[in-house]
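Here is the structure we will look at, set down as C-alpha cells.
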Amino acid sequence: MKTISLGPTYQEMLNPQLLPDAIRRQAALARKNELDPANLFNISWCASDHSIRHVLLPKELTAIEANIIVLVGREFPSGSHKVGPAYATLMEGELAGEIRRGESTIIGPSTGNFGIGTAYIAKLMGYPAVVILPEQMSAERYERIKKYGGRLDLTPGSESDVILVLERTEEYKNDPHNKVLAQFELLPNYRFHRYVTGGSALLAARGRGNGRIAAFVSAPGSAGTLAAGDELKAAFPDCLICALEPRECSTLFNNGRGAHRIEGIGDKMVTLIHNVLTTDYVMLIHDDDCVIGLELLEHQQSFSERMLNLRPRALNYLLGIFGISGICNILGAIRFARHLGLGPQDNVVTIATDGIDRYPSVLQDLNRRKGPITETRLRDWFEQIYGTAGQADLLDLRPQEQKRRLFEYKQATWTRFGYSRAYLDRMQSQAFWDAEYEQISSIDEELTHSRHLAFGRA
Ligand SMILES: Cc1ncc(COP(=O)(O)O)c(C=O)c1O
C-alpha cells in the first residue's frame, strides 16, 4: 500500500505562512525537540518572524561597495539546508509509491550534510537509513548521523572521492527494498533549490540596493544549491551565476581532480542535476584560505575587528554561522563582485550551508598543522585572505566550447551509471530544466491531497 505523505509542500517550504494554523503552532513547539516529526514543517529559510534568515556582510570586511547577502542554512532542522533536498526526494518517492514505510530502507550517498539530513528525515518519517560517505570527513558528521539512528557505511578517501560513494551505492540498488535518495542524480534536489532557495534569495534581496540580484555565487557539491541561480536568472535575466571550486580540485575549471579540505563541495565530477547551461563562470578558491578564513572570523574575532578598525564585537553577529564552504562562498562572492566592479546598488547572493558546529575538529587540526598562531602570522593570513590584492582565478563558461567540455564530462560519468545518451542530450536544452521545475505545482497538489487523507482539512 502507498504510504501517506505528511510534510510540507514546496510552496509551504518557501512560505510557511501558507501552512494551516494548527500545523504552524505544532511546528513552532517542535523546535524544542529536534526529533519531533512536526519539525518537517520547519524546513524553510523563513524564520519564525517570517523574515528570510540572512546576513549582510560588513563593508569593512568585503572592501567593496556591493551588498553581499548570505542566506544562513544553519537553522534548518539537523543544522544545514541539505535536509531540504533529502526531504523533497523522500517525499516525492512516497508520492510516486516507490518508497513505502515498513518496506523501504533509505540510502543516503553523501559527503556529510546530505547524509545527516537523510538520517534525520528518515528518523522523522519512520524509515531505517544507511548513510554512505567517505571515511575522512569531520568527526562531527559521523556523530550526528549516529545520533539520528543512521547506520554508517564508509568508503575510502575524503571529499573528492565521491565517485567511490556512488559505486558503493550501486551495490545497494541490488536489493529492491533499498531506496536511494540520489542527490547527485535526482531532480527533487534541483526543484527544492530552484524554487525554495531561489525564491528565498529573491525575498532576501527585496528592498536592498536596487532590489535586483546581479550575481549568485555558490560552490557546488551536488550542485543542488546552484539551481537557485536558475530562479534568479528567470527573475533577472542579466544575473550572473558563478560556481566555485577548490583550487586543489578544479573539475569545472579544467577537468582537474585532487584532494582538498572544503567539505561538501568539489566532488570531482559534473553532477547529473547540474544545469551547466546557466553556469556563467567558475572561480577557484584555495582550500586552506577557507579553513583559515573561518579561524579568523570564529576564534580570532577581536584581531579581525582590530584589522578592520571596527569596534569590539562588531563581527559578533557572524559568529557560528559559517562552515568552511560558507567561507569559500563569501570569498567567492566578494572576489566576483570586485571583478564585476559592482556598485552600492548591486546585490550579490551567496549561501552558508552549515555552521561552525561541524568543524571544531577541523580548526583544531589547523592549529596542529600550522603551529603557534602569532600576531604576525594572523596579519599575513588576514591580508592574504580578506585583502584586496589577490586576482581571482576566473573562467568564463559561457562560450560554446566550454559548455561542450562540461557536457562531455557529464556524459562520461553518467553513462557509466546507466543513464542513456538520449536522456543526457535532453539536458542540453533549458526546456528540460523548466519542465522539471514546472512539476512542482502537481507535486504540491498531490501532497496536499495525501495530507487531507490523513488529517482531514486541518
Ligand atoms: C557544507 C556544504 N557546503 C556546500 C555543499 C554543496 O551544496 P550542494 O550539494 O547543494 O551543491 C554541501 C553539500 O553537501 C555541504 O555539505
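In the condition set (1) at pLDDT 95 or above; (2) under 26 Å from Ala201 (Cα atoms), Asn33 is compliant with all but (2). Here Gly115 does not qualify as within 16 Å of the ligand (Cβ to nearest atom), in a strand (DSSP E or B) and farther than 26 Å from Ala214 by Cβ.
Which one of Ile64, Ile43, Ile69 is within 16 Å of the ligand (Cβ to nearest atom) and either of a type in the set (A, V, I, L, M, F, W, C) or at pLDDT 95 or above (or both)?
Ile43
Leu202 meets the conditions (1) over 14 Å from Leu272 (Cβ atoms); (2) within 12 Å of the ligand (Cβ to nearest atom) in every case but one. The failed one is (2). Inside segment 389-431, residues that are hydroxyl-bearing (Ser, Thr, Tyr) and surrounded by fewer than 16 Cβ atoms within 10 Å (Cβ to Cβ) make up a count of 4. Is it the case that some residue within segment 125-144 is among the hydrophobic types (A, V, I, L, M, F, W, C), buried (at least 23 other Cβ atoms within 10 Å of the Cβ), part of a helix (DSSP H, G or I) and touching a residue at least 12 places away in the same chain (Cβ under 8 Å)? No, segment 125-144 contains no residue that is among the hydrophobic types (A, V, I, L, M, F, W, C), buried (at least 23 other Cβ atoms within 10 Å of the Cβ), part of a helix (DSSP H, G or I) and touching a residue at least 12 places away in the same chain (Cβ under 8 Å). Taking the criterion of being in contact with a strand residue (DSSP E or B) (Cβ under 9 Å, 6 or more places away or on another chain) and part of a loop (DSSP other than H, G, I, E, B), the residues of segment 156-184 that qualify are Pro156, Gly157, Ser158, Lys173, Asp175, His177, Leu181, Ala182, Gln183, Phe184. Scanning segment 387-407 for residues that are assigned to a loop (DSSP other than H, G, I, E, B) and more than 30 Å from Met307 (Cβ to Cβ) yields a count of 3. If only residues of segment 305-334 that are part of a helix (DSSP H, G or I) and surrounded by fewer than 24 Cβ atoms within 10 Å (Cβ to Cβ) are counted, the one that is farthest from the ligand (Cβ to nearest atom) is Arg306. Scanning segment 215-230 for residues that are more than 11 Å from the ligand (Cβ to nearest atom) and either in contact with a Pro (Cβ under 8 Å, 6 or more places away or on another chain) or hydrophobic (A, V, I, L, M, F, W, C) (or both) yields Ala215, Phe216, Val217. Looking at Phe216, is it of a type in the set (Phe, Trp, Tyr), outside any helix (DSSP H, G or I) and over 20 Å from Leu166 (Cα atoms)? Yes: the conditions hold for Phe216.
Residue count for segment 252-283 satisfying the condition of being of a type outside the set (Phe, Trp, Tyr), outside any loop (DSSP other than H, G, I, E, B) and more than 15 Å from Phe184 (Cα to Cα): 6.
Quick check, is Glu245 more than 27 Å from Asp287 (Cα to Cα) and either within 16 Å of the ligand (Cβ to nearest atom) or crowded, with 24+ Cβ neighbours inside 10 Å (or both)? I'd like the intermediate steps shown before the answer.
Details: more than 27 Å from Asp287 (Cα to Cα): no; either within 16 Å of the ligand (Cβ to nearest atom) or crowded, with 24+ Cβ neighbours inside 10 Å (or both): yes.
Judged against the criteria, Glu245 is not a match.
The lone criterion from (1) more than 17 Å from Thr353 (Cβ to Cβ); (2) buried (at least 24 other Cβ atoms within 10 Å of the Cβ) left unmet by Ala259 is number (2).
Every test in (1) in contact with a Leu (Cβ under 6 Å, 6 or more places away or on another chain); (2) buried (at least 22 other Cβ atoms within 10 Å of the Cβ) is passed by Glu185 save one, and that test is (2).
Every condition in (1) touching a strand residue (DSSP E or B) at 6+ places or on another chain (Cβ under 6 Å); (2) under 24 Å from His193 (Cβ atoms) holds for Asp393 except the one numbered (2). Looking at the structure I just gave you, is Leu363 within 16 Å of the ligand (Cβ to nearest atom), in contact with a helix residue (DSSP H, G or I) (Cβ under 7 Å, 6 or more places away or on another chain), touching a residue at least 24 places away in the same chain (Cβ under 8 Å) and more than 25 Å from Ala201 (Cβ to Cβ)? Taking the combined requirement at face value, the residue satisfies it.
All told, Ser78 falls short of being in a loop (DSSP other than H, G, I, E, B), within 26 Å of Arg24 (Cα to Cα), at pLDDT 95 or above and among the hydroxyl-bearing types (Ser, Thr, Tyr).
Mind telling me which of the residues Glu34, Glu98 ends up being assigned to a loop (DSSP other than H, G, I, E, B), surrounded by fewer than 21 Cβ atoms within 10 Å (Cβ to Cβ), in contact with a helix residue (DSSP H, G or I) (Cβ under 7 Å, 6 or more places away or on another chain) and acidic (Asp, Glu)?
Numbers: Glu98 fails: in contact with a helix residue (DSSP H, G or I) (Cβ under 7 Å, 6 or more places away or on another chain).
On inspection, the qualifying residue turns out to be Glu34.
Evaluate the following for Val55: is it at pLDDT 95 or above, touching a His at 6+ places or on another chain (Cβ under 9 Å), under 22 Å from Glu298 (Cα atoms) and not in a helix (DSSP H, G or I)? Considered against the rule, which asks whether it is at pLDDT 95 or above, touching a His at 6+ places or on another chain (Cβ under 9 Å), under 22 Å from Glu298 (Cα atoms) and not in a helix (DSSP H, G or I), Val55 comes out as no. Among the candidates Tyr172, Tyr190, the residue that is away from the ligand (no atom under 12 Å from the Cβ), closer than 22 Å to Leu133 by Cα and among the aromatic types (Phe, Trp, Tyr) is uniquely Tyr172.
If the condition is being part of a helix (DSSP H, G or I), within 16 Å of the ligand (Cβ to nearest atom) and surrounded by fewer than 24 Cβ atoms within 10 Å (Cβ to Cβ), then segment 335-360 contributes Ile356, Asp357, Pro360.
The values are calculated or read from the model by the stated rules, or taken from the named source; none is laboratory data. The model shown is predicted, which means the values in this text are computed figures rather than measured ones. A quick note on method: Cβ atoms are made from the backbone with ideal geometry, for glycine too, and the neighbour counts reach across all protein chains shown.
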